[in-house]
1. Can you list the trypsin sites (Lys or Arg not before Pro) in the range B:392-483 that are in a DSSP coil and have 13 or fewer other beta carbons within 10 angstrom?
2. Which of B:329, B:172, B:464 sits closest to the plus end of the dipole of chain B, meaning its Cα is farthest towards the positive end, when Lys and Arg get +1 and Asp and Glu get -1 on the C-beta?
3. What relative contact order, as a whole-number percentage, does chain B give when Cα pairs under 8 Å and 6 or more residues apart are counted?
4. When only Cα pairs under 8 Å and 6 or more residues apart are kept, what is the percent relative contact order across the range B:437-550?
5. How much length would be gained if the chain were fully extended between residue A:133 and residue A:55, taking 0.36 nm per residue of separation minus their Cα-Cα distance, in nm to one decimal?
6. Considering every pair of different Cα atoms, what Kirkwood radius, in Å, is found for the range B:163-253?
7. Mind jotting down the three principal axis lengths of the range B:97-250 based on Cα atoms? Whole angstrom, largest first.
8. Under 11 Å from the Cβ of residue A:116, count the other residues' Cβ atoms, weight Lys and Arg +1, Asp and Glu -1, and hand me the total.
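Each reported figure results from applying straightforward, stated rules to the coordinates on display, with no laboratory input. Computed from a prediction, not measured in an experiment: that's the story for all the values here. Cβ sites come from the backbone with ideal geometry, for glycine too, and all protein chains shown count toward neighbours.
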Amino acid sequence: MVKFLSGEWNELSKEYILKKLDPEKDLKNVTTSLLAVIEHVPPSDSIMNFYLDLKDGKLIDFIVNTGDTFKGKEPVFTVTGNYGTYKSILKGEMSMAVALLRGRLKLKGSKLKALQIIKPLDGVILSLKEATDEFEE
Amino acid sequence: MSNTKVLSTEKISLDDALTIAKKGSHCGMCRFDFLGTGLCPSGKKYGFVAYWPQGRMQIFKMLMSGKVKPTKKLIEIAHSCSLCGICDKQCNFATQLRPEKVAKALKEYTDNLKESEFQDVTEDDIVKGLREIVGEKWATNDPVIISSYVQTIIHPDSELNFYVVMPENADQISKIIKFANRHNVPFMPRSGGTLLSCATPTVLSKAVCLDQGIIIDLLRLKKLEVDAKSCTATVGAGITAFELQKEAYKHKLRANLAEAGAHVCANIASTGITSTWQNRYGWAADNYIDVEIVDDKGTVRHNSDMDIKNPYTTERGFTDITLSPPGIITESTVKLHPIADDEDVVLVPFEHLKDALSMIMKLARRNVGVSLIVLSRKYLSEFLCPTNQIAKDFEYICKNYLKLNYVVDVIGNKDDKKIVEEMAECTIDKSMMKTLILGAPKLASLKDSEFMKVLSEEKNPCKAIFAGPMRKHLEKGLDASPEQIAKIFDTDLQEFFTKVYSKPEMTDIIWLHSFRILPSRLMRQRLFFAQAGMIWAADEDKILKLVDMLSKVCDKYKLEHMLGFILPMDDGKYAFFEYDYYYDHNDPDATIRVSQALIETTENCLVMGDILMVLNYLFKGLYRKEHVLYPIPKGISNEDLALFRELLENILGEKFKW
């Protein structure tokens with residue numbers, strides 16, 4: 001188990017998605033890209049992000065970075081929320097859909113399309129959850 | 001203790017107090033002065049829900065269930081109540097409860113606690129930070145105070161790991177939000193709490209409640225200024241509909257408002273204000289000139305700011321469910337409307353909904369009347385009658401003897417009244433409505449009488465009794481007087497209620513439409529869930545089919561149910577409907593059945609098309625109605641229905657996958 005957003009977490013999550021998730025069964029052959037922007041990251045109150053690219057249910061890219069954009073990448077969706085919200089999602093306390101509907105996550109992109117892919121993305125979230133149990137307080 | 005004597009002479013068992021507390025429905029009628037009694041002194045002084053009658057009942061329930069352990073604050077809460085009896089008067093009018101008995105039991109329970117039974121509360125960094133913003137008194141993490149917010153913003157099964165803060169202005173709210181974000185603590189505003197109390201027992205609970213973090217209680221934002229010249233009022237987020245209407249009326253103006261206890265700003269944001277006046281006064285953004293909002297970054301903005309993106313538009317579509325407002329409205333400048341000198345009321349009784357609907361839509365499209373609504377006999381009975389039992393008997397008479405199942409209820413000028421009278425076979429006027437209010441107990445007592453049986457044999461019983469020769473006999477027989485109606489209240493409250501019903505406004509139907517103090521009677525000792533929505537009104541048969549569908553689904557789930565009302569909007573192009581399920585919120589099985597009916601009827605409405613359901617317009621009240629209502633929703637395909645179900649499953653959890 002590693003700390004959320006660390007380099008180790010990035011590697012472990014990538015490995016988990018590639019090895020444990022079936023592109024057809026778990027990821028419904030989805031093709032999409034997502035930039036998750038995490039605000040108020042402790043201890044320095046910084047902004048970080050991770051970029052996720054899936055093609056036909058296969059993981060193409062999964063990168064952790066700083067800031068609220070990722071140069072050279074044009075994600076289909078950008079989902080912005082604070083560290084506490086992402087922590088709740090990864091701890092299984094709140095689903096991504098509820099966070100979106102409650103305004104705890106802000107979405108740039110089509111809400112309808114986002115909700116259509118939320119099921120396959122749940123598989124990814126599950127992977128990230130499996131790889132994480134350490135959070136900054 | 002100064003109240004020892006009272007406690008020793010008027011003891012109430014914990015069980016009896018718990019029975020009362022469990023029936024509390026958080027209607028919030030104890031938090032504003034609608035009967036001229038003054039306000040609960042402790043609530044006014046301390047602010048937090050815990051110090052109001054509704055909060056004490058909730059705390060008592062939580063203590064008895066062991067969900068919260070006593071803290072030293074409990075002593076202050078219990079003894080801040082002076083047993084003045086104001087709550088009994090207010091609550092008895094609205095929901096027939098006696099919260100003072102719970103307050104007495106809470107005092108006695110608290111006084112008998114041993115020192116070792118109190119848990120310590122540690123002031124952590126979050127509460128310290130909040131206190132630096134709002135002052136020592138107005139922020140807390142005390143579990144007993146927190147527990148008073150259960151059912152209106154906190155899920156009953158949640159741990160009580162929350163904070164409550166009571167800011168007094170937008171600047172403090174901005175600081176609280178920035179502080180919360182910096183510390184990654186979720187937050188949510190709370191106003192009246194009644195809407196959430198209706199949703200909390202149902203499947204919507206986990207979706208609408210705060211899971212942890214900071215409750216921002218907006219009650220202290222009490223700004224209220226009427227500018228009669230511009231026909232506007234500026235109201236803070238702590239102002240209730242009743243309080244605003246009272247000020248507006250002083251200037252012979254009227255605000256378009258929800259139920260008396262609803263907070264104006266929150267109601268604009270949540271439901272856009274649904275009222276009988278909305279065909280004329282409008283809906284959603286029609287209601288206000290400007291709003292001050294603190295967004296989720298803590299930035300204070302106004303809708304009138306030039307450099308913001310269009311604040312009046314929103315996403316549409318069946319998947320667009322929003323469970324929170326776009327920010328916290330701290331202040332709004334709302335429109336007020338002049339009241340005509342010749343304003344009057346006229347009601348038209350109907351046996352069949354089809355006929356009532358036809359009339360109300362004709363009136364709406366011709367712009368006749370300022371206030372228009374079709375009320376079911378259920379609503380009519382609940383509103384007019386002082387007790388639940390009298391309402392039931394009254395409704396029985398309407399249904400079985402009078403063939404009065406619906407009324408078209410119109411307020412307008414003398415010309416409007418004339419038009420309605422020409423269209424109707426018989427009408428009920430203002431004076432008869434006063435008779436029915438004061439004479440409701442007597443009328444209800446005629447339930448099994450020969451008089452009613454004879455009356456029911458008339459071709460048109462309503463015409464015979466309200467407009468024919470029998471009217472005089474009815475007026476005489478009902479003995480409608482404040483003294484008569486006061487007799488149905490507990491002996492110690494009868495003198496008070498004689499005075500209440502002697503006030504002209506308490507029997508003035510127009511005043512009652514404006515101030516809306518009666519709808520909380522629907523929450524008499526139990527809750528209801530309103531399945532509501534807006535339907536494109538061009539096809540009236542479709543509205544009837546909708547009502548039929550809602551009825552059949554409720555029968556399937558064995559719920560007490562009935563159409564509440566239908567009211568036209570947007571010049572009769574749309575109709576707003578409310579269909580209600582009544583149930584005991586303490587019965588887990590009933591809450592599941594309500595949830596099942598809610599989901600099934602929502603799905604059916606989406607398939608039917610032309611309907612915008614409550615889940616799709618909730619929290620969109622700040623937007624322009626044209627952006628919410630148009631294009632007219634089309635019926636969704638099976639594929640889309642599957643997507644909607646998936647969405648609900650995501651929001652509501654696996655257990656609601658039926």
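1. Working: sites: B:392, B:399, B:403, B:414, B:417, B:418, B:430, B:434, B:442, B:447, B:453, B:459, B:463, B:471, B:472, B:476; in loops: B:403, B:447, B:459.
Listed in order of number, the matching sites are B:459.
2. Looking along the dipole axis, the top candidate is B:464.
3. On the way: 1260 pairs, mean separation 92.1, N = 658.
After rounding, I find 14 percent.
4. On the way: 59 pairs, mean separation 23.7, N = 114.
21 percent.
5. Working: separation 78, 0.36 × 78 = 28.08 nm, distance 2.77 nm.
Gain on extension, residue A:133 to residue A:55, equals 25.3 nm.
6. On the way: mean 1/r = 0.0664 Å⁻¹.
Evaluated over the range B:163-253, this radius sits at 15.1 Å.
7. Principal extents (largest minus smallest coordinate, Cα): 61, 44, 35 Å.
8. On the way: positive: A:28, A:111, A:113, A:119; negative: B:639, B:640, B:646.
Around residue A:116, the surrounding residues sum to +1.
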